[in-house]
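Enquirer: What follows is a structure written as C-alpha cells; I'll ask about it next.
Readers should treat all values here as calculations from the given coordinates under stated rules, not as data from a laboratory. Just so we're clear, the structure is a prediction, and the values are computed from it rather than from any experiment. Quick reminder, even Gly has a Cβ in these numbers, built from the backbone with ideal geometry, and neighbours come from all protein chains shown.
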Amino acid sequence: MTQDELKQAVAEAAIEHILPMLQADTIVGVGTGSTANLFIDELAKHKHRFDGTVASSEASAQRLKGHGIPVYSLNAVNEVRVYIDGADESDHHLNLIKGGGAALTREKIVAACSDLFVCIADESKLVDVLGAFPLPIEVIPMARGHVARELVKLGGTPVYRANVITDNGNQILDVHNLDILDPVALEQSINNIVGVVTNGLFAARPADVLLLGTKDGIKTLE
Ligand code: 5RP
C-alpha cells in the first residue's frame, strides 16, 4: 500500500473508533494536514449524527464548512468529546512532534481541551526517539533571533521557515539535530524561552490513542 492509502485507511479507522461517541450534542475537534483532511472527508458522511466541530486551523475550518459541517469557536463550546489529528512523529509512549503544517498552537489548544485525543498516522511516523523530524516552534516575529540563539544553546539547529505565517500571525522555526530523550522536559524548557508561542512537542499532553496505518492493517497503541 502507498502512504496515501495508509492515510486513507487510518482516516476510516478513526471514524469507526469515534462512531460510538457521536451524539446529537457531540463536538468533535478536528486537526490539520493531509491525514486530517481525509478524516474530514469521511466525517462528512456522518455529519447528521453530531452537533459540530472545532477546527485547529483556518484550512480545516474551510474544508469542514465546505462539507456543510458546523464549525464552532472553541470559546463557544463546553466540551470537546474527542480530538482527531495527525502527527509528524510519534514515539511508543504517544509523545508527538506536530506542526509540519504550521498549525501547532491551535492544535495544542484543542488537544488540551479535549476529553480524548486520537492521533491518526501512517506507520512511517512511529519512531523510537523523537527528533529526526525537525521540531517546529511558533515564535513572535520580533523574537525570532533571540529564540533561535536560545535554541542553539539547547543543542538544536533552528531554521527559519520562510514565507510561512501562521493563522495567529506568527513565524515558524524548525529545529534540526535534536535527540529528544526527555520530551516532557524539553517541551517545558522551550516554552520558557521568551518569544516562544508554542513548540511542536505534544508530551505534557500526549495522544491517548494512536491509530497507525500499516501494511498489515490498523494497529492501535494506547
Ligand atoms: C500540522 C500537523 C500535522 O498533523 C502533521 O504535519 C501531519 O501531517 P500529515 O497528516 O499531512 O502527514 O501537525 O500542523
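Enquirer: Using Cβ counts within 10 Å as a stand-in for footprinting exposure, how do Arg205, Arg63 rank, fewest first?
Expert: Working: Arg205 15, Arg63 20.
Least to most surrounded, the residues fall as Arg205, Arg63.
Enquirer: Sticking with this one: Name the shape class, rounded, prolate or oblate, that the alpha-carbon gyration tensor gives for the stretch 69-218, where a ≥ b ≥ c are the square roots of its eigenvalues, rounded holds for a/c under 1.5, and otherwise prolate holds if a/b is larger than b/c and oblate otherwise. Walk me through the numbers on the way to the answer.
Expert: Working: a/c = 1.85, a/b = 1.22, b/c = 1.52.
Because a/c hits 1.5 or more and a/b fails to exceed b/c, the stretch 69-218 counts as oblate.
Enquirer: Take every Cα pair under 8 Å in the chain that's 6+ residues apart, average their separations, divide by the length, and report that relative contact order as a whole percent. Intermediate results must be reported in sequence, preceding the final value.
Expert: Details: 487 pairs, mean separation 50.0, N = 222.
About 23 percent, as a whole number.
Enquirer: Ordered by packing density, taken as the mean number of other Cβ atoms within 10 Å over each peptide's residues, highest first, how do 187-196, 87-96 rank?
Expert: By packing density, highest mean first, the sequence is 87-96, 187-196.
Enquirer: Under the rule of at least 5 residues apart or a separate chain, name every residue whose amide H is placed under 5 Å from the amide H of Leu126.
Expert: Here the answer is Ser90, since their amide H atoms fall under 5 Å of that of Leu126.
Enquirer: Grab the eigenvalues of the alpha-carbon gyration tensor for the stretch 30-96, scale each by 5, take roots, and send me the semi-axes largest first in whole angstrom.
Expert: Values: eigenvalues 88, 40, 25 Å².
Semi-axis lengths for the stretch 30-96 are 21, 14, 11 Å.
Enquirer: Roughly how many Å is it from the Cα centre of the stretch 150-221 to that of the stretch 29-49, as a whole number?
Expert: When both Cα centres are located, 23 Å separates them.
Enquirer: I'd like the orientation of helix 3-18 relative to the chain: the angle between its Cα long axis and the longest Cα principal axis, in ° from 0 to 90, rounded to 10.
Expert: Helix 3-18 and the main axis of the chain meet at about 60 degrees.
Enquirer: If amide H atoms are built 1.01 Å from N in the plane of the peptide, which residues on other chains or at least 5 residues away come under 5 Å of the amide H of Ala203?
Expert: Counting only residues 5 or more places away or on other chains, the set is Leu96.
Enquirer: If you don't mind, there's one more thing I want to ask. What's the exposure ranking of Glu79, Glu123, going from fewest to most Cβ atoms within 10 Å? It would help to have the intermediate numbers written out before the result.
Expert: Details: Glu79 10, Glu123 15.
Final ranking by Cβ density, sparse to dense: Glu79, Glu123.
Enquirer: For a quick protection proxy, order the peptides 101-111, 17-27 by their average other-Cβ count within 10 Å, most packed first. Don't skip to the answer; put the middle values down first.
Expert: Numbers: 101-111: 24.4, 17-27: 14.6.
Order by mean packing, descending: 101-111, 17-27.
Enquirer: For Leu74 and His146 in the same chain, what is the full-extension length gain: residue separation times 0.36 nm, less their Cα-Cα distance, in nm?
Expert: Gain on stretching Leu74 to His146: 22.8 nm.
Enquirer: What nm value, rounded to one decimal, do you get for the distance between His46 and Leu154 when each label is placed 7 Å out toward the C-beta?
Expert: The modelled label-to-label distance comes out at 3.6 nm.
Enquirer: Please list, in chain and number order, the residues 5+ apart from Thr214 or on another chain whose amide H is under 5 Å from its amide H, with Hs placed from the backbone.
Expert: Here the answer is Lys219, since their amide H atoms fall under 5 Å of that of Thr214.
Enquirer: A further question follows. Nearest 10 degrees, 0 to 90: what angle lies between the long axis of helix 34-43 and the longest principal axis of the chain (Cα atoms)?
Expert: 20 degrees
Enquirer: Given a cut-off of 20 Å, name the pairs among Lys108/Lys153; Lys125/Lys215; Lys7/Lys219; Lys45/Lys219; Lys125/Lys219 whose C-alpha atoms lie farther apart than that in the structure shown.
Expert: On the way: Lys108/Lys153 25 Å; Lys125/Lys215 13 Å; Lys7/Lys219 13 Å; Lys45/Lys219 24 Å; Lys125/Lys219 13 Å.
The pairs that break the limit, which is 20 Å between Cα atoms, are Lys108/Lys153; Lys45/Lys219.
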